[in-house]
Amino acid sequence: MRHLIFTVLFVFIASLVLGGCGFKDIDKRFFVVATGIDHSDNPNKPFRVTLRLAVTSPKIEPGAGKSQLETIDAKTIAEGVRELKAYVDKELDFGHCKIFMIGEKLARKEMDQAINWMTRRRDIQMIANVTIGHPTAEAILKIQPKNERYPGNTLFLSFGKEGTDSSYTVTEYIFGMRKRRTEKGIDPVLPIIMPENETYRISQAGVLNKKKLIIILSPEETQLYNQITNKYLKSSLGGNVEQDPYVLAVGRIQSRFKIKNNAQGKPVVEMRIKIHGLLEEAPKLVFDKDWASIEQELAKQYSKSVVRLLKKFQRQGVDPIGFGLKYRATHYSGGDKSWQEWQGIYPNIEFDVQTRVTIEGTGLIK
Amino acid sequence: MINRILTMFADSKDLITKRMKNDDISIEVAYIDSLCDESKISEAIFVPFSRNFKPFEEIVEFSSEFKPIHEMTEWASSLLRGYVLIYINSKYYSYDASRNIRIENQNTQVESSIQGPQIALTEDLKDGLNLIRNRYPEPNLAVEERTLGVSSKTRIAILFDNRRVNDKVLKNVKKKILEINADMLHSAGEIVRELGGNRKQLFPTTLITERPDRISNSIAQGKVIILIHGSMFGIILPITFYDLMNTMDDQYESFWMSRTLMVMRYISVLMTVTLPAMYISIVSYNPELFRVQLAFSIAGSRSAVPYPSFIEVLVMLFMIEMLVEASVRLPRYIGSTGTTVGGLILGQAAQQAGLVSSIMIIVTSVVAISNFVIPNNSLAFAIRFLKYPLIFLAVFYGITGVCIGMFCYLVYLSSIRSFGVPYFRIHRKPARNAEGDLGQVSSS
C-alpha cells in the first residue's frame, strides 16, 4: 500500500514537468480575429502578413468592437508571425481566428505556402474559413464596420451558419480547402471579399486549380454554383415567360449527376436538378394560369445557364463540382489509370442538364 | 443495599436513598433524582406503600412494571438509566421512572418533503420504534437492542426484516458493531464512522435519515436499520450512490417530472465538481473552447484581475466555503446578516475591486447552488471536497488533467463497497414483494 502511494506520488510529481508552458491566462493572450496574407512585391520578403487583433472589453455594445492592426513583411509567414510577437505585449493566439484571407495577387500566383502554414500551426482551427481578399487582404482588414459588437463579428457572421445565409456566399474551411487541393478530381472554390463603403461585399467566388486562382465568378454564377452544390439553400431563380418576369424563391434544390456514355458512345455528364419553391415575383392573376408551362420554361432557362457555367469550368480546365472525383469513384480501373482517362475525357465531355421546377404556390392566398 | 450503592456512587449529590417503613414491612429505595420523574415514583411507590391498602410486596411481585434484579452488577446501569431500585423482602426490583428530555417537534427538518409525510424520528428510541412499527406492521420485523460506547452506553436498536434481509450483510453489520469500542457515542455520524473502522472514507456508505417512511421502505428492501437513542437520525445500510441522490419526493411525485429532477441532480453534481477546474483549464489553456463573444468578454473582465486564474478561483471558493460554513453554524437571527454581507457586499465588491472577474462570480455561485441541490447532506459534503483535487490537476495539466481526475473519481467510486454491496451500481433491480435490492454480486 505504502509502496503504491509512493509510486503514484512519484509519477504525479514527475509528470508535473509535462505541463510545460501551456499555462497562459486568457487576458494575457491577444486574440487574432482575422489574418491576411498578401504578396508584398519585395523579392526578399515576399509575404505581407496582416493580423487583426481583438481589443477586448467587458462590455459588448454596438460599435464597441475595437481592434488593432499589425502588418509586417517577411520571408516566410511563420517568421512574420514570430516577428510580429515583438510588436505586441501579449501572446498571439490564433484559436479564435476564423478568417484567413489571401490577397488576390498572391492567390493568382501561388498559395501553397499559406495553406501549408495554416494546416500545420497548432492553434489554428481547421474549421476556420479561407477567403480571398480583393484587391488585397490588408485593404479588407483595414475596414472596421461601424456596427460590430465585438471585433471580427461581421466577417464571422457572414461566413458562419448563424448569421446571414446569403446564397451568393461560398464558404470554405481550411480542412475542405486542403482536401480540394490534394484530392484529384475536385478543385477549390474560395469566396472573394470586396470592400464596399466601410463594409464588405461577399458575393463572388474564385475558382482555383490546384495551384492558383483561375477564374472569378460573377455573383449570378456564384449563386448558380451554390445552388447545384447545396441541397437546402434559400436562393432565388429568375426568368421570363412570355415577357413576364418570374422569380422563384427556392426552398429546396437537389441535384445529382452521373457520368455515362450516351447513345453515340460519347461520355456525358447527366445532371438532374429538382427545384421546389414559391413564386416571389409574378404577374397578376398567375394563379389561374397553367403552371406547368411556366415551370417548364423556367427549367429550360435554368438548365441553359447551368450548362453555360459548366462549360466555362471545362474551358478553363477546372472542376469545382467534382466530376473527376465521381468518375474516379465509379470507373475504377486500377491505380491511377482512371484519373488519366478522365483527364483525356474532361475537355471534351458533354453536359446534359435537365431541371424539374415545381411551383408550390404563388405566395398569396387566392 | 443503600450502603453498597453509596460506596458505588461516592460523590453524587443527586442520588437519593431512602429507608421506609409502614405497618407491615420496611423497604429501601434508591434512585437518581435528576434522571427520574418524581411524580411517577411517588405514584407507583411512595403512595401505595404508605397507604398500604394492599400489601406492597404483592404489588411489587405481580406488577409487570417492577422487574426483578438478580445480579448486583446490574444495579449501577439500571440506576443510570433512570430506574428506581427497590429492596424488599431480601429481593431486588427495578422500576422504570426515567424522564427523557427531548424535542417535541416532530416535523422533518433536514429532509423535508412537499407532499410526503411530515413526521420525523424523535430522540427517543421507543418513539422511533413506534413510528416504524406503525409503518411496517409485519411480524418479520426484528428488533435487537444493544448498547454502544464504554462510557456513554448509548442504546441502539438494529431493525431488519428477517425474511428479506441479506444474511451476509447482517452478519457483517453485527460483527462490525461488536468491534466498536469507542468511549463516547452520541450521533448517527459517529456510529457510521466507527462502523467504517480504520478506513478513511470520502463517500458516505450509509444513509443517515430522519424519515420513518424512508426507513420502512428500506426495511422492505431488505436493508438493515440502526436507530440510536438520543439521536433524531437512523442509519440505513447498505446503500448505493443512487440512494443518496434520491429523495422521498421522487417516489411521491409524477414519473416524468421526478425523473427530470433526478437527471438535473446528476448534472448539477457534475457541474459542482468540474466547473471551477474547467474554468481554470479553459481560461488558461484552451480559450478557443469558448464562443468568441464569451472569450472576449471573459478576457475583458479578467484584464483587471492581477492574479492568475487559479488564485482567483481559490479566493472565491474559499470565500463561498466560509460563507456556507458560517451560515450553518450561525444562530438564526444573525444568519441573514451573514449571507447579506458575504453574498452581496463581498461578491460585488470583489469584482469591482478587480480581485475577481464577473464570470468567476457566476461560476462560484453556480458551484455553490448546484452543490445544495444534492439531497443528502453527507454526500453533499463529500462532493464539496471533490472539486479541489481537480482544481489542482487543472492548474498543471489543463483539460487533460480534469479528464484524468474525473476518471480517477469514477474508478474510486466503483471500487467502494457498502457492507459488501457494490456502491456505484447504476442498475437497480426493482424491489419485488419478497426480494430486496441488495446487490447481485454479494448475495450470489
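The values are calculated or read from the model by the stated rules, or taken from the named source; none is laboratory data. The model shown is predicted, which means the values in this text are computed figures rather than measured ones. Please note: Cβ atoms are built from the backbone with ideal geometry, for glycine as well, and neighbour counts cover all protein chains shown.
Observations
Conditions tested, residue by residue: (1) among the basic types (K, R); (2) part of a strand (DSSP E or B); (3) more than 22 Å from the chain's Cα centre (by Cα).
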{"residue": "A:S203", "(1), (2), (3)": "no, yes, no"}
{"residue": "A:Q223", "(1), (2), (3)": "no, no, no"}
{"residue": "A:N226", "(1), (2), (3)": "no, no, no"}
{"residue": "A:Y232", "(1), (2), (3)": "no, no, no"}
{"residue": "A:S236", "(1), (2), (3)": "no, yes, no"}
{"residue": "A:Y246", "(1), (2), (3)": "no, yes, yes"}
{"residue": "A:V250", "(1), (2), (3)": "no, yes, no"}
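- In the set B:M264, B:M232, only one residue is touching a residue at least 12 places away in the same chain (Cβ under 8 Å), of a type outside the set (S, T, Y) and not assigned by TED's automatic domain parsing to the domain that holds B:Y136; that residue is B:M264.
- No other residue among B:M322, B:M271 is in contact with a helix residue (DSSP H, G or I) (Cβ under 9 Å, 6 or more places away or on another chain), part of a helix (DSSP H, G or I), touching a residue at least 60 places away in the same chain (Cβ under 8 Å) and away from chain A (no Cβ under 14 Å) apart from B:M271.
- Pairs, first closer than 17 Å to B:G82 by Cβ in the stretch B:1-18, second hydrophobic (A, V, I, L, M, F, W, C) and surrounded by fewer than 14 Cβ atoms within 10 Å (Cβ to Cβ), C-beta under 6 Å, six or more apart: B:M8/B:A76
- Test: A:P145 is away from chain B (no Cβ under 14 Å), within 20 Å of the chain's Cα centre (by Cα) and of a type outside the set (F, W, Y): no
- Unmet requirement for A:N240, which otherwise passes all of (1) out of contact with any Pro (no Cβ under 9 Å at 6 or more places or on another chain); (2) more than 22 Å from A:E172 (Cβ to Cβ); (3) part of a loop (DSSP other than H, G, I, E, B): (3)
- Counting only helices (runs of 4 or more DSSP H) that sit wholly inside the stretch A:1-119, those with at least 1 residues that are within 25 Å of B:I399 (Cβ to Cβ) and within 14 Å of chain B (Cβ to nearest Cβ) are A:2-14.
- Residue in the stretch B:18-35 that is among the charged types (D, E, K, R) and in contact with a Phe, Trp or Tyr (Cβ under 8 Å, 6 or more places away or on another chain) present: yes
- Against the criterion of being within 14 Å of another protein chain (Cβ to nearest Cβ) and under 26 Å from A:I72 (Cβ atoms), A:G160 does not qualify.
- Total residues in the stretch B:238-291 satisfying the condition of being of a type in the set (S, T, Y) and surrounded by fewer than 18 Cβ atoms within 10 Å (Cβ to Cβ): the figure is 6.
- Taken over the stretch B:294-304, the residue count meeting the criterion of being within 7 Å of chain A (Cβ to nearest Cβ), surrounded by fewer than 21 Cβ atoms within 10 Å (Cβ to Cβ) and within 16 Å of B:I282 (Cβ to Cβ) is 0.
- Candidates B:D23, B:D33 - the one that is farther than 12 Å from B:Y83 by Cα, in the same structural domain as B:S77 (by TED's automatic domain parsing) and not aromatic (F, W, Y): B:D23
- Contact map, the stretch A:326-339: first residue free of Cβ contacts under 8 Å to residues at least 24 places away in the same chain, second residue part of a loop (DSSP other than H, G, I, E, B), Cβ cut-off under 8 Å, separation 6 or more or different chains; pairs are A:S338/A:H331; A:S338/A:Y332.
- Single match in A:L157, A:L141, A:L213 (criterion: of a type outside the set (V, I, T), closer than 30 Å to A:S305 by Cβ and either surrounded by 16 or more Cβ atoms within 10 Å (Cβ to Cβ) or in contact (Cβ under 8 Å) with a residue 60 or more places away in the chain (or both)): A:L213
- For B:I383, the stated conditions hold: it is out of contact with any Pro (no Cβ under 8 Å at 6 or more places or on another chain) and surrounded by 15 or more Cβ atoms within 10 Å (Cβ to Cβ).
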